[in-house]
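The values are calculated or read from the model by the stated rules, or taken from the named source; none is laboratory data. Everything numeric here is computed off the predicted structure, so don't read it as measured data. Because the Cβ atoms are built from the backbone with ideal geometry, glycine has one as well, and the counts that use them run over all protein chains shown. These accessible areas exclude ligands, DNA and RNA; they are computed on the full protein's heavy atoms, side chains included. Shrake-Rupley method; radii C 1.70, N 1.55, O 1.52, S 1.80 Å.
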Amino acid sequence: MSAPAPAVRVGDSRELVLVDDLTRTQIVQYAGASGDYNPLHTDEVFASQVAGYPTVFAHGMLTMGMTGRVLTDWFGVDRLAAYGARFVAQVWPGDTLTATATVEAVREDGGATLADLTVTTRNQRDEVVLTGTATVRVG
């Protein structure tokens with residue numbers, strides 16, 4: 001049985017620090033967990049000398065997965081009905097990421113009360129690295 005849904009109103013928001021000083025080890029651990037061993041994320045020489053990036057960078061799905069925590073910590077995993085994201089910029093080793101979720105609408109649909117949210121993740125330089133939307137069941 002799930003916990004009662006939090007009461008929400010348009011404009012309510014939550015912020016969560018997702019990671020402080022993302023490490024190369026965390027990026028490689030995600031590669032192992034996901035099976036995505038693209039050398040842009042795991043091979044320093046390939047990323048810098050072949051592909052021309054300053055270093056390896058995090059998988060977009062790692063950023064998306066971490067960002068989802070702002071939603072699941074607020075509403076619970078079982079209330080998340082939809083979640084999508086757009087990867088706006090690379091996430092580099094050493095980055096600190098903070099996600100913000102904001103309620104944009106509360107609506108009725110098929111007897112359920114749903115909240116539509118926007119989600120934004122920024123790095124320590126206040127640069128947007130991910131934008132997204134989500135829908136959660138709140139009643």
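Can you pull out every residue in region 1-36 that is more than 14 Å from Gly65 (Cα to Cα), in a helix (DSSP H, G or I) and either of a type in the set (Phe, Trp, Tyr) or open to solvent by 50 Å² or more (accessible area, probe 1.4 Å) (or both)?
Scanning region 1-36 gives Arg24, Thr25, Val28.
Would you call Thr98 crowded, with 17+ Cβ neighbours inside 10 Å, closer than 20 Å to Ser13 by Cα and at pLDDT 95 or above?
yes
Pairs under 7 Å by beta carbon, first residue under 25 Å from Arg79 (Cβ atoms) in region 8-36, partner of a type in the set (Phe, Trp, Tyr) and surrounded by 12 or more Cβ atoms within 10 Å (Cβ to Cβ), six or more apart or different chains?
Short answer, once both residue conditions are applied: Arg14/Trp74.
Within region 54-91, work out how many residues are under 27 Å from Val119 (Cα atoms), open to solvent by 30 Å² or more (accessible area, probe 1.4 Å) and assigned to a loop (DSSP other than H, G, I, E, B).
Here the count works out to 3.
Is it fair to say Tyr53 is farther than 20 Å from His41 by Cβ and in contact (Cβ under 8 Å) with a residue 12 or more places away in the chain?
Criteria not met by Tyr53.
I'm trying to understand the selection: among the residues of region 105-119, which are on the phi < 0 side of the Ramachandran plot, more than 22 Å from the chain's Cα centre (by Cα) and open to solvent by 60 Å² or more (accessible area, probe 1.4 Å)?
Arg107, Glu108, Asp109
Search region 80-104 for residues that are closer than 12 Å to Ala134 by Cα and pair each with any residue that is open to solvent by 60 Å² or more (accessible area, probe 1.4 Å) and outside any strand (DSSP E or B) when their beta-carbon atoms are under 8 Å apart and the residues are at least 6 apart or on different chains.
Val103/Arg9; Val103/Val10; Glu104/Val10
Could you check region 37-53 and list, in sequence order, the residues that are open to solvent by 50 Å² or more (accessible area, probe 1.4 Å) and either within 10 Å of Gln90 (Cβ to Cβ) or of a type outside the set (A, V, I, L, M, F, W, C) (or both)?
The answer is Tyr37, Asn38, Thr42, Asp43, Glu44, Gln49, Gly52, Tyr53.
Could you check region 97-120 and list, in sequence order, the residues that are in contact with a Lys or Arg (Cβ under 9 Å, 6 or more places away or on another chain) and either under 17 Å from Leu16 (Cβ atoms) or not charged (D, E, K, R) (or both)?
Within region 97-120, Leu97, Thr98, Ala99, Thr100, Ala101, Thr102, Val103, Val106, Ala112, Thr113, Leu114, Ala115 meet the criteria.
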